[in-house]
Amino acid sequence: MLTIEAKGLYYKALNRQIRKSLVRGEKEIVLKDVLGQRYIGGGLESRAHFDIYGTPGQDLGAFMNGPEIVVHGNAQDGVGNTMNEGKIIVHGKAGEIPGHAMRGGELFIKGDVEYRAGIHMKEYLDSVPWLIIGGTAKDYCGEYMAGGRVVVLNMENRKISPVGYSVGTGIHGGAIFVRGEVKEYQLGTGAIFAELNEYDEKFLQEVFAKYSRHFDADLIGMVPGQFVKITKRGHRPFAKLYTPGMNVKTDMPMHLNLTSPCTFACPTGIPTPVFLNLIKDGKVAEAQRLMDEYTPFRMSVCGTTCPAPCMDACSRGMIDEPLHLQEMAKEHYPDFNPDILEEEKDRIVSVIGAGPAGLSAAWQLARRGYRVRIYDASDNLGGKVRQAIPRERLSDKVLDRDIERIVSLPIEFSTDTKVDREMFDKICSDCDIVLVATGAHVARRIEYPGGERIISGLQFLMDINEGKDMDLSGSEVVIIGAGNVGMDIACESWRLGAKKVTALDVQKPLAFGHELDSAVELGTDILWPKFIEKLDEETVYFNDGTELRADVVLFSIGEMPDTSFLPDSVLIDERGYIVTAEKSFRSSDLKVYGCGDIRRPGLITDAVGSGRLAALEIDAILKGTKFIYPEKNLVPKRRMNTLYFGGEEDEADRCMSCGTCIFCDKCIENCPQGAITRNGEIFTIDPLKCTLCYTCVNVCPRGAIQAEFFLDIKESAFNE
């Protein structure tokens, strides 16, 4: 028997160990101290047996094809997702959608489950999946079942119904068996009660026997007659949905705002068309307050250092040139301090790190009334924005305009304070939530032979901003790494007197925008792919036999976070970043959140947007509501009617408001049947008058009225 210690292991690393063990022939594997690792057993075809101690993460046993997994505790969402064969036994509770799309095998859960148990279960020939729930299930149990068996045993014999509402909604195969009372109003569309037959009784007796064996439970006195059977209505309960009565390829048009290309490209998510429409309407202060909802860094980042992916994506480039959005951000900078949106609360959020991510989050939280405490190792606010961006690109005066608005909020700042493990524990105990936003400052290193003389590019930039310029007069400089930071290093090297500057990369360089343009204009050579073999005091040697003179070599391939101050309860992945769910900022420790470069590397604007969303999630959690991650649904450029645009003089008027309706009413005026009406912002299309001619779709200048189902629109946008 093999034992694997899972504590602190990133889920990918744990699953790799499991697969390697199976290849070596292991048949009995024990996983200890499991905490949230996903996809354990996913896709495995072995006949091995697993004992899991702890709480496995989502999609335990997904697509599994043979193993037996015993969980000595609770399980999270998606247990047995699309499982083909095998068995999963959970000695506790399970989350949402257990047995989702199961095609075979058996899933036994001792306790309660959450919503949509058994959704989309199906069967094929002799493969009939079982989902056996020892406790109770919530709403939509057995939703859209096409086959299989769901059994709710209600072991505690609770007097209230052991299932929620909408049981069997859309069921068109299989059966649900519930021990206890189920009212007719609890049934979903297409589901009916049915009498148990001889086969059902034999099946339930087999379930009783297996459940008793798996959980050492006493089921004496439990008989099939105590169960209610729920199944489909008729032979083809939804046949009418598939007749020519509904033209699924040419559905009626609908009015639907989609995400403009500029907003879609903006990591902070600024709704630029809405901002500019307010400016055009003379509502400047309202437009400025709208921007406050997204970023406190509109002068230093939006207007100055951001590489402007919004401008690269701007649809106006199809006609003449993109809008000058950075200039618009600076032109309409507010002359007032930010508003406090909500009353003061007694909840405390501590933010570790006063860089773009931490300050962005603190800005959002303080405006919502939370008591915010910020800790930072530096004596100045701004993080890398202050420390690592050359003063020629971002002056202290410009950055301080944003910082002054941030510090006007009731935020408690503790600067020149480096947080260690002991201090972190104290901070954590004195507040409701801790948000870690310390960024990535530890320079990556590759140990090239002779590479002792390589200098950290980040430290090079930070020294310059502290007035410690390096004299590069007449030097030939080589930069390892050709991203945007590498281009900043190149520009500074020229300013400090370099005779020649060369940036190297092993792949196509990631640099773009102003940084790349500026470095190239100064004469920077960019070479790729180049793989370094070794260095000496004067030369860099490559594995293709070439060499390059280098008086100074600077390293710029990104930085790593320092997570040494974090407790063991916070999982760190193999690359050194805090582990969170894909659309969440909460770590494995429910009291600790992460945002910015400590969670995922990116641009400054990525950090600002990350801080905003982390704050919104924290706000939702502290209010006891659900955090809904904002989705972006890109309007395809091919739906923009450029015929209507051109010749505008004012910059704001040049915006095409892609995907965002401005109530121009061209659809109403041009509908030949008079099928479209508008009441304020609400559009109505009369289905009796609409002839599906799509005149409205063709005349809409902005793609805000569509001819297809929404999902089709979304898919086409990504496939352009």
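The values are calculated or read from the model by the stated rules, or taken from the named source; none is laboratory data. Predicted, not measured: the structure shown is a model, and the values here were computed from it. So basically every Cβ, Gly included, is an ideal-geometry build from the backbone, and we count neighbours across all protein chains shown. Note: areas computed on protein heavy atoms with side chains; ligands, DNA, RNA excluded. Shrake-Rupley method; radii C 1.70, N 1.55, O 1.52, S 1.80 Å.
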Checklist outcome for this item: Extension length gain for Ala13 and Val520 (0.36 nm per residue less Cα distance), in nm, is 178.4 nm
Item to check | Contour minus Cα-Cα distance for Ala377 and Asp471 (0.36 nm per residue) | outcome: 31.0 nm
Checklist entry - Nearest 20 debye, what's the magnitude of the dipole of the chain about its Cα centre given +1 on Lys and Arg Cβ and -1 on Asp and Glu Cβ? => result 2460 debye
Next on the checklist: Please state the shape class of the stretch 297-338: rounded when a/c is under 1.5, otherwise prolate if a/b exceeds b/c and oblate if not, all from the C-alpha gyration tensor.
Outcome noted: prolate
Checklist outcome for this item: From DSSP H assignment alone, runs of 4+ in the chain each adding -39500 (n - 2.57), the sum over residues rounded to the nearest 500 puts [θ] at 222 nm at -7000 deg cm²/dmol
Checklist entry - Where the only charges are on Cβ atoms (+1 Lys, Arg; -1 Asp, Glu), what is the dipole of the stretch 285-328 about its Cα centre, to the nearest 20 debye? => result 80 debye
Item to check | Farthest toward positive dipole pole in the chain [+1 Lys/Arg, -1 Asp/Glu at C-beta], among Ile557, Asn670, Tyr333 | outcome: Asn670
Checklist entry - Could you give the dipole magnitude of the stretch 423-475 about its Cα centre, charging the beta-carbon of Lys and Arg +1 and that of Asp and Glu -1, in debye to the nearest 20? => result 200 debye
Checklist entry - Rounded to a whole number, what is D in µm²/s for the stretch 428-567 from Stokes-Einstein with the Kirkwood radius over alpha-carbon pairs (10 °C, 1.306 mPa s)? => result 99 µm²/s
Item to check | Modelled FRET efficiency - R0 30 Å, Leu125 with Ser212, Cβ distances, 0.05 increments | outcome: 0.55
Checklist outcome for this item: the stretch 391-447 and the stretch 463-505 have their Cα centres apart by a whole-number Å value of 27 Å
Checklist entry - Given the protein chains as shown and a 1.4 Å probe, how many square angstrom of Val592 are accessible, to the nearest 10? => result 0 Å²
Checklist entry - Taking every DSSP beta bridge that has both residues in the chain, what percent is antiparallel when rounded to the nearest 5? => result 25 percent
Item to check | Contour minus Cα-Cα distance for Met318 and Asp562 (0.36 nm per residue) | outcome: 83.4 nm
Checklist entry - What accessible area per residue comes out for the chain, rounded to a whole number of Å², with a 1.4 Å probe? => result 46 Å²
Next on the checklist: Please report the accessible area of Thr268 (heavy atoms, 1.4 Å probe, ligands and nucleic acids excluded) in Å², nearest 10.
Outcome noted: 10 Å²
Item to check | Under-5 Å amide H pairs with His441, H placed in peptide plane, nonlocal only | outcome: Met560, Asp562
Next on the checklist: Quick check: the distance between the Cα centres of the stretch 684-698 and the stretch 129-170, to the nearest angstrom?
Outcome noted: 43 Å
Item to check | Range of Cα positions in the stretch 250-329 per principal axis (Å), largest first | outcome: 48, 26, 22
Checklist entry - Once you put a point 7 Å from the Cα of Met1 and another 7 Å from the Cα of Thr677, both along the Cβ direction, what distance in nm separates them? => result 7.3 nm
Checklist outcome for this item: Counting only protein heavy atoms and leaving out ligands, DNA and RNA, the solvent-accessible surface of Glu85 at a 1.4 Å probe, in Å² to the nearest 10, equals 80 Å²
Next on the checklist: Less than 17 Å apart at the alpha-carbon level, and either on another chain or at least 8 residues along: which aspartates and glutamates does that give for Lys93?
Outcome noted: Asp51, Asp59, Asp77, Glu106, Asp112, Glu114, Asp139, Glu156, Asp216
Next on the checklist: With θ taken as phi - 60° and the coefficients 6.51, -1.76 and 1.60, list the Karplus ³J(HN,Hα) couplings across the stretch 65-77 in order, rounded to whole Hz; mark glycine and proline as x.
Outcome noted: 9, x, x, 10, 10, 10, 9, 8, x, 8, 10, 8, 5
Checklist entry - Roughly what would the spin-label model give for Arg445 and Glu293, points 7 Å off Cα along C-beta, in nm? => result 4.8 nm
Item to check | Cα pair count fraction exceeding 53 Å, expressed as % - the chain | outcome: 22 percent
Checklist entry - Over the C-alpha atoms of the stretch 4-117, what are the Rg and the largest Cα-to-Cα span, Dmax, in Å? => result 12.4, 39
Next on the checklist: Please report the carbon-and-sulfur percent of the accessible area for the stretch 1-158; probe 1.4 Å, protein heavy atoms only, DNA, RNA and ligands left out.
Outcome noted: 46 percent
Next on the checklist: Using only the heavy atoms of the protein chains and a 1.4 Å probe, how would Cys693, Cys661 rank by accessible area, largest first?
Outcome noted: Cys693, Cys661
Next on the checklist: Given the options Gly42, Met121, Ile132, identify the residue whose Cα lies farthest towards the positive end of the charge dipole of the stretch 37-173 (+1 on Cβ of Lys, Arg; -1 on Cβ of Asp, Glu).
Outcome noted: Ile132
Checklist outcome for this item: Heads up, the stretch 140-207 by the C-alpha gyration tensor (a ≥ b ≥ c square roots of eigenvalues; a/c under 1.5 rounded, else a/b over b/c prolate, else oblate) looks oblate
Checklist entry - Top to bottom by accessible area (1.4 Å), largest first, where do Lys384, Lys32 land? => result Lys32, Lys384
Checklist entry - Tell me, what is the FRET efficiency for Asn633 and Ile220 to the nearest 0.05, using R0 = 51 angstrom and their Cβ-Cβ distance as r? => result 0.35
